Structures are given as structure tokens and as C-alpha cells.
Amino acid sequence: MSKLNKKKVLKWMNNITTGILFTVLIGMLVVVVMSKASGGEPEIFGYQLKTVLSGSMEPGIKTGSIIAVKPGGDMTRFEKDDVITFMAEDEKLITHRIVEVVESGDNTLYRTKGDNNNAPDMDPVLSENVLAEYSGFTIPYVGYFVNFSQSKNGAFLLLIPGLILLCYSGFVIWRALSELDINNKKNKNSVKENAEVS
């Protein structure tokens, strides 16, 4: 009886582990394919996923996180304490908090600051350089993986666990089919024996 319970527990653990590994692999594969197809960061349900590579917004947004930002709309609508993603002069994307809104003629400018920085950013941000608003959604540390997977070495190394998981899945399916075949043979033999007895 205890052997049967152990077998069931092991089988459930095996199925759960396989399911988790398969889900993670598929999820990462989707993120990588979407980022390659879009030529940059992937987009899901109208939100762009951005990788955070600096600690300027810690502790709220940790280095290596993936964040969701909402692009589009009126870029003059933002207020103090909103977190925006903007293009800096060196063509670099930055996500910082607005500390002051400045109206200058027809232009709206934002003074920004990283939560972890001691001082505001040197240059104010023109509203037309704002690309998106931070939604508040973040997944810590996954950005490291996505960033690595977008490199040539990362894409190649992703194939290895994928192939291992594929082989393992094939083995599990083969073993399940073998058990079914054995059970079918046992059932046929028992039916045959019962027919001979009667």
C-alpha cells in the first residue's frame, strides 16, 4: 500500500515538475520570439515590456526587472509623481519619476529623478520625448534572462534546455504509452482466462 502511494506521489511530482518546466520554457520562448519579431521589446495587450538595466529606481523597480509601460496618448497629461519612460539625448531609454511639471510657452517639460538618485536629472524632458507611462507592473530579475537571451550566445544556450525538455517529454510520453500497452495486455489476458474458466 505504501509503495503504491509513493509511486502516485512521485508520478504527481514528476507531472508537476514537467508542467512547470514546460510552462517556463514556453513563456520565455514567447517573450524572446516577440522581442525578435518586434525588433526590440515585446508588447502584450497594448503594454510594452521593458528591461531595467540600472538601479536608479530601486527599491521600487529593481535592476534586472521587466516592467510594463503603456505607450501613446497625450504626453502632456502627466503630473508630479507619475513615472514615465522617455528618450534621453543619447538615444537611451530612461524610466524615472516626475518631480516637477514646467509649462514653457506651448511646451510642457518634466523634471525627472530616479527614486534612488540623490539629485534630479540634469536636463528636463520635453513632452514629445516621452514614450510611455509606467503601469506599476514589474517582474524582478527576469530582465537579466531576456537581455541575455537576445544575445547570440543566449539564443544558442536556450536551445540546450529546450532540447533536454523536449527529449524528457518524449521519454515521459513513451513510458506512459508503454504502461498503457502493458495494462491492455494484462486486461486481454485476464479476459481470456475468465473466458476459458467459464
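What follows draws every value from the coordinates through simple rules; no lab data is involved. Given the structure is predicted, the values throughout are model-derived calculations rather than measurements. Cβ coordinates were reconstructed from backbone atoms using ideal geometry, including for glycine residues, and neighbour counts include every protein chain displayed.
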>> Just to verify a number: FRET efficiency for residue 100 and residue 173, C-beta to C-beta distance, R0 = 45 Å, to 0.05?
In response: 0.15
>> Please compute the modelled spin-label separation between residue 58 and residue 128, points set 7 Å along Cα→Cβ, answer in nm with one decimal.
In response: 3.7 nm
>> 5 Å is the cut-off here: which amide hydrogens, built 1.01 Å from N in the peptide plane, fall below it relative to residue 112, excluding neighbours closer than 5 in sequence?
In response: 99, 121, 125
>> Please list log₁₀ I(q)/I(0) at q = 0.21, 0.24 Å⁻¹ for region 41-144, using the Debye equation with identical point scatterers on the alpha-carbon positions.
In response: -1.11, -1.41
